[in-house]
Amino acid sequence: QVQLVESGGGLVQAGGSLRLSCAASGRTFSPYSMGWFRQAPGKEREAVAAIGWGGGGTYYTDSVKGRFTISRDSAKNTVYLQMNSLTPEDTAVYYCAASYYSGTYYHAGNYAYWGQGTQVTVSS
């Protein structure tokens, strides 16, 4: 089993920044990819960003390109999401997830392990 614990969420004003972290523990940690997803009230969960654990590339949804950056520290089994120029539309619960399936990075169904989520609230 893999356990994922997110941290770094909070309340920030529009235009501000937050850095989310997701630390993994459990079985030998060598996923195919790690992803960040978010879910706002009344909306479906969407993929925000993802990264190939072996350095195979990144994915960003269009609305965050140029503002968010996903990165990983293999030595610490940790993935990060740096979020800049935040807007109220970024308000959501953010989840990290790990996939051991070599499918598309943005498909939630490919991710078997999920964290508990961290709330990000951006005030206008």
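Brief remarks follow.
- Highest-first arrangement of 2-11, 78-87, where packing means the average Cβ count within 10 Å: 78-87, 2-11
- Length gained on full extension, residue 40 to residue 89, computed as 0.36 nm times the residue gap minus the Cα-Cα distance: 16.8 nm.
- Accessible surface area normalised per residue over the chain is 49 Å², counting heavy atoms of protein chains with a 1.4 Å rolling probe.
- Residue of 67, 27, 45 that the Gaussian network model of the chain assigns the largest fluctuation, springs spanning Cα pairs under 10 Å: 27
- Amide H partners (placed H, <5 Å) of residue 48, local residues excluded: 36, 37, 38
- Counting only protein heavy atoms and a probe of 1.4 Å, the accessible surface of the chain is 47% carbon and sulfur.
- Label separation (residue 116 vs residue 65): 3.6 nm, computed from points 7 Å beyond Cα along the C-beta direction.
- Taking amide H atoms as placed 1.01 Å from N in the peptide plane, the amide H of residue 16 lies under 5 Å from those of 86, each 5 or more residues away in sequence or on another chain.
- Distance from the Cα centroid of region 1-31 to that of region 59-124 is 8 Å (rounded to whole angstrom).
The values are calculated or read from the model by the stated rules, or taken from the named source; none is laboratory data. None of the values given here were measured: they were computed from a predicted structure. Using ideal geometry, Cβ is built from the backbone for each residue, glycine included, and neighbour counts are taken over all protein chains shown. Accessible surface is based on the protein model in full, side chains and every heavy atom, while ligands, DNA and RNA are left aside. Shrake-Rupley method; radii C 1.70, N 1.55, O 1.52, S 1.80 Å.
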